[in-house]
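See below for the structure under consideration.
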Amino acid sequence: MSGVRYTKFNISNDVEFSTIKKLIDEDLSEPYSIYVYRFFLNQWPDLTYLAWDEGVDKPIGCIVCKSDLHNGVRLRGYIGMLAVEKQYRGQGIAKKLITLAIDAMVEGKCDEIMLETECSNAAALHLYENMAFIRMKRLFRYYLNQGDAFKLILPLTEKSCVRSTFLSMDAFPTNTIV
Ligand SMILES: CC(C)(COP(=O)(O)OP(=O)(O)OC[C@H]1O[C@@H](n2cnc3c(N)ncnc32)[C@H](O)[C@@H]1OP(=O)(O)O)[C@@H](O)C(=O)NCCC(=O)NCCS
């Protein structure tokens, strides 16, 4: 392989949309409907990245994310999907895609980044935990295949380390009538 190029998702290119869907559908145990892809890609096109094999100009990996307000008190980034084509694995491509997504979410002022992954997915757990994501919860029978998931979080700001109840008390001090 000659080199890998990384690009932000181009929302006006329908081929990129179907390419992302194909890359993810091939690898994930959970089938996603087209509406799930539209939900992420139409609302947060700036939080999706592709990796390309420069030699053949072919997409070989992607990451799909979103960010929104969690419990009304902190901005939570979310990694929804990540996949790298089998023959290109083990070369740091996923790590680079995650880094690009993290940088975009930091720039977007996220307080933390969350994701779920199957407890049996050793590659994903190794990858994320090496990038400082922390296991927060085990979600029993989370997937359609009855598999459990781990919920992982990467705290980015101090807000991420404070319970949302206490953050909402700050937003509405005791002498405030609401
Ligand atoms: C998980 C996945 C995205 C990793 O992609 P990749 O491009 O091979 O990963 P990288 O080369 O960037 O590896 C990054 C780190 O993960 C580790 N890793 C990758 N595959 C691994 C494996 N099978 N077992 C253990 N560790 C692994 C690497 O050793 C590397 O660790 P290091 O930073 O200590 O060197 C890829 O295997 C994949 O697409 N799997 C199917 C879809 C999937 O599981 N997505 C994640 C769902 S949340």
### Query
Among the candidates Ser18, Ser12, which residue alone is without any contact (Cβ under 8 Å) to a residue 12 or more places away in the chain and assigned to a loop (DSSP other than H, G, I, E, B)?
Ser12
#### Entry: Any hit, region 63-72, residues being open to solvent by 20 Å² or more (accessible area, probe 1.4 Å) and either closer than 16 Å to Thr7 by Cβ or not in a strand (DSSP E or B) (or both)
yes
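Okay, residues lined up against (1) of a type in the set (Asp, Glu); (2) closer than 22 Å to Leu125 by Cβ:
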| site | (1), (2) |
| --- | --- |
| Leu23 | no, yes |
| Leu28 | no, yes |
| Cys62 | no, yes |
| Lys66 | no, yes |
| Arg74 | no, no |
| Glu85 | yes, yes |
| Lys95 | no, yes |
### Query
Just checking, which of Thr165, Thr99 is modelled with pLDDT under 95 and β-branched (Val, Ile, Thr)?
Thr165
### Query
open to solvent by less than 20 Å² (accessible area, probe 1.4 Å), within 15 Å of the ligand (Cβ to nearest atom) and under 22 Å from Ile153 (Cβ atoms), is that true of Ala51?
no
### Task
Please specify each residue of region 80-113 satisfying the condition of being under 23 Å from Gly3 (Cα atoms), more than 8 Å from the ligand (Cβ to nearest atom) and of a type in the set (Asp, Glu).
Asp103
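Taking region 9-27, which residues are open to solvent by less than 60 Å² (accessible area, probe 1.4 Å) and among the aliphatic types (A, V, I, L, M)?
Listed by number, the residues that qualify are Ile20, Leu23, Ile24.
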### Task
Could you tell me whether any residue of region 73-84 is closer than 30 Å to Phe166 by Cβ and either open to solvent by 50 Å² or more (accessible area, probe 1.4 Å) or basic (Lys, Arg) (or both)?
yes
### Task
Restrict the check to region 86-108 and report whether at least one residue is closer than 19 Å to Val36 by Cα and in contact with a Gly (Cβ under 7 Å, 6 or more places away or on another chain).
no
### Task
Check Glu116 against each of (1) of a type in the set (D, E, K, R); (2) within 12 Å of the ligand (Cβ to nearest atom); (3) open to solvent by less than 30 Å² (accessible area, probe 1.4 Å) and name the one condition it does not meet.
(3)
### Summary
Within region 119-155, of all residues that are in contact with a Cys (Cβ under 6 Å, 6 or more places away or on another chain) and away from the ligand (no atom under 12 Å from the Cβ), the one least open to solvent (accessible area, probe 1.4 Å) is Asp148
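The values are calculated or read from the model by the stated rules, or taken from the named source; none is laboratory data. Quick caveat: nothing in here was measured; it's all calculated off a predicted structure. Cβ sites come from the backbone with ideal geometry, for glycine too, and all protein chains shown count toward neighbours. For accessibility, only protein heavy atoms count, side chains too; no ligands or nucleic acids. Shrake-Rupley method; radii C 1.70, N 1.55, O 1.52, S 1.80 Å.
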